[in-house]
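Taking it in order: structure first as structure tokens, then the write-up.
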Amino acid sequence: MSNLCPKCGQGLNNDGFCEHCKIFFQVYEKIKMVSKAFYNQGLQLSNVRDLSGAINTLQKSIRYDKNNIEARNLLGLVYFEIGETVLALQQWVISKHLDPTDNAAERYLKDIQENQAHLEKLSSAIKRYNQALVHTQQSNEDLAAIQLKKAISLNPKFIKAYLLLSLCYINEQQIQKAQSTLQKVLLIDKNNYIARKYYDSITDETVKETSEEQERKHQEDVSFARRVPVFVSSSWHQVILVAVGAVVGLGLAIFLISPSQLKALKSKNISLEEQITNSAALLKENAAALENETAKVQELTQANNKLETDLIASQDIQGDTSKILAALQFKDNNDLVSSAEALYSIDVTRVEGTPFYELYESLKNEVYEKVAVNAYNKGYSLNNSNYEQAIEQYNLSLKLVQDAYYSDKALYYRGVAYTKLAQVEEAKRDFNSLIVNYPNSIRVKDATWQLSQLQ
Amino acid sequence: MINFEEEIKKFKPCLEIEDAEQAIYDYNSKDMTDILSEMVKEIKNDK
């Protein structure tokens, strides 16, 4: 046992009591032990990639003992792993401040400071995420998705960006994309609560649809089974009882329905017939009135629908206008790919006739060509190293421009890349498309040969 | 099914690198021993 109080540094008496803090040394020791136990648990959770659980436990650990440097450093690492750069820096800086000698946090901070380019990327990813959040709040999910994809490409472990992107996908009913995005989150942090909640929700919906069908079928089978005839055991006693009942019933009927009663019944019948006639006339009147009201309701519904359509159209135009402005901003920031993506997501028919159409066209002409040629060149440089990425670049180039001097080559090289990846159908489609759409291309001969090899 | 509007409200902006310094200053580093000391002081003052 140390003779100094770990809190104030003053001497302890013989019982291990600090006169200054008025606390026994053992109390501090116990608190430190709890903190260490939480740290151990946090470490185990980190090792099995339950990062949410690890954060929770490590926070408890430093809440018990702020000087638990290992717990603080590990918490920083876990934050860094899920893309929470600032929170990681916060923990490491405090850690270094608490224990300046031989502290791993110093190394982490040094690594980050020395790699300014990486830090810039992380910073840009955060900015894009924040921008995406603003776009989402303004119902511009398309622009938000562009920003989030970029944020993820800059920091592929940015959990928050994945989650927001998946939410955008869910909102646009792109369930498969949402599932794939959420799976990426769960690979990084396997017990992420939000990811699990979203994933279960969209998976339940899909499963529910199929199970409802099965349930209906089951119900039909059950109701059919219920219709199976029931055989009642018969005996002579029952037969005799039924026969006696029938005879008694017949006797009562003859006794009660005398001719005078029949007359009364006839007059009652006539009065009932009159009532029925009156009711039928009234019903007819009511039906006419109802028809009239229904026609009015239909008219109002149509007017309402028209108003809603007009409102949606005006909102769409507003959305497209913001996309044009975003594209302009992207272009000014030299992010031409994002600019092209923003322009591509615009519905031209909605912009036509608006004051923004001219700006849209001029931007498109300027950006598309540059991005398409750049993508073609990038794809070409990746031809022998990374076929998937090469295909992505050719896709981008052909999506934006189809009639450039390099479009036929982009189509040909994409076909070749598909061939290398054994995606025969896609390769055939590209070679055939080249032969049909670019008959004068110098690559037609090569495409024909490639096709013959694929047969 | 998930309510998009409700879920969006739960997302908060991320702290940017430029805000790191302020975040460090604002960090509440009080731990259990600090709370214990405060409690003992309070009891002492009450007496």
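The values are calculated or read from the model by the stated rules, or taken from the named source; none is laboratory data. Quick caveat, the model's predicted, so the values are computed rather than measured. Cβ sites come from the backbone with ideal geometry, for glycine too, and all protein chains shown count toward neighbours.
Starting from the range B:12-30, keep only residues that are within 12 Å of A:GLN91 (Cα to Cα), then list their pairs with residues that are assigned to a loop (DSSP other than H, G, I, E, B) and of a type outside the set (Phe, Trp, Tyr) whose Cβ atoms are within a distance under 8 Å, requiring at least 6 positions of separation or different chains. What qualifies is B:ALA23/B:LEU15; B:SER29/A:LYS66.
Annotation note: Cβ proximity below 6 Å between a residue of the range A:66-90 that is more than 12 Å from chain B (Cβ to nearest Cβ) and a residue that is among the β-branched types (Val, Ile, Thr) (sequence gap 6+ or interchain) occurs for A:VAL78/A:ILE55. Scanning the range A:11-38 for residues that are over 15 Å from B:LYS41 (Cα atoms) and in contact with a strand residue (DSSP E or B) (Cβ under 8 Å, 6 or more places away or on another chain) returns A:GLY11, A:LEU12, A:ASP15, A:GLY16, A:PHE17, A:PHE25. Among the residues of the range A:1-23, those that are surrounded by fewer than 16 Cβ atoms within 10 Å (Cβ to Cβ), touching a Cys at 6+ places or on another chain (Cβ under 8 Å) and within 14 Å of another protein chain (Cβ to nearest Cβ) comprise A:CYS8, A:GLN10, A:HIS20. Restricting the search to helices (runs of 4 or more DSSP H) fully inside chain B and requiring at least 3 residues that are under 15 Å from A:CYS21 (Cβ atoms) and at pLDDT below 85 gives B:32-46.
The rows are residues; the columns are (1) surrounded by 16 or more Cβ atoms within 10 Å (Cβ to Cβ); (2) without any contact (Cβ under 8 Å) to a residue 40 or more places away in the chain; (3) within 17 Å of B:GLU16 (Cβ to Cβ); (4) of a type outside the set (Phe, Trp, Tyr).
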| position | (1), (2), (3), (4) |
| --- | --- |
| A:TYR108 | yes, yes, no, no |
| A:ASP111 | no, yes, no, yes |
| A:ASN115 | no, yes, no, yes |
| A:LYS127 | yes, yes, yes, yes |
| A:ASP142 | yes, no, no, yes |
| A:LEU148 | yes, yes, yes, yes |
| A:ALA151 | yes, yes, yes, yes |
| A:LEU163 | yes, yes, no, yes |
| A:LEU167 | yes, yes, no, yes |
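When A:SER46, A:SER52 are checked against the criterion of being touching a residue at least 60 places away in the same chain (Cβ under 8 Å) and either closer than 30 Å to A:VAL185 by Cα or within 13 Å of chain B (Cβ to nearest Cβ) (or both), A:SER52 stands alone in meeting it. Tell me the residue from A:LEU363, A:LEU382, A:LEU359, A:LEU343 that is surrounded by fewer than 19 Cβ atoms within 10 Å (Cβ to Cβ) and hydrophobic (A, V, I, L, M, F, W, C), please. Sole residue among the options that is surrounded by fewer than 19 Cβ atoms within 10 Å (Cβ to Cβ) and hydrophobic (A, V, I, L, M, F, W, C): A:LEU359. Scanning the range A:169-198 for residues that are of a type in the set (Lys, Arg) and within 17 Å of B:GLU7 (Cα to Cα), we see that the one that is surrounded by the fewest Cβ atoms within 10 Å (Cβ to Cβ) is A:LYS197. Of all residues in the range A:302-324, those that are at pLDDT 80 or above have Cβ atoms under 8 Å from Cβ atoms of residues that are hydroxyl-bearing (Ser, Thr, Tyr), 6 or more apart or on another chain, in A:LYS323/A:SER345; A:ILE324/A:TYR360.
Is it fair to say A:GLN41 is of a type in the set (S, T, N, Q) and either within 14 Å of another protein chain (Cβ to nearest Cβ) or in contact with a Lys or Arg (Cβ under 6 Å, 6 or more places away or on another chain) (or both)? Considered against the rule, which asks whether it is of a type in the set (S, T, N, Q) and either within 14 Å of another protein chain (Cβ to nearest Cβ) or in contact with a Lys or Arg (Cβ under 6 Å, 6 or more places away or on another chain) (or both), A:GLN41 comes out as no. Applying the condition of being of a type in the set (Asp, Glu) and under 25 Å from the mean Cα position of the chain (by Cα) to the range A:54-87 and asking which residue is surrounded by the fewest Cβ atoms within 10 Å (Cβ to Cβ) yields A:GLU81. State which residue is farthest from the chain's Cα centre (by Cα) when the search covers only the range A:153-180 and only residues that are of a type in the set (A, V, I, L, M, F, W, C) and closer than 17 Å to A:LEU51 by Cβ. Once the filter is applied, the top-ranked residue is A:PHE158. Could you check how many residues of the range A:33-52 are loosely packed, with under 15 Cβ neighbours inside 10 Å, polar (S, T, N, Q) and closer than 22 Å to A:ARG196 by Cα? Residues meeting the conditions: 2. On the stretch given as the range A:98-155, residues that are of a type in the set (D, E, K, R), in a helix (DSSP H, G or I) and away from chain B (no Cβ under 12 Å) total 8. Condition check for A:VAL367 on (1) more than 21 Å from A:LYS323 (Cβ to Cβ); (2) assigned to a helix (DSSP H, G or I): one failure, at (1).
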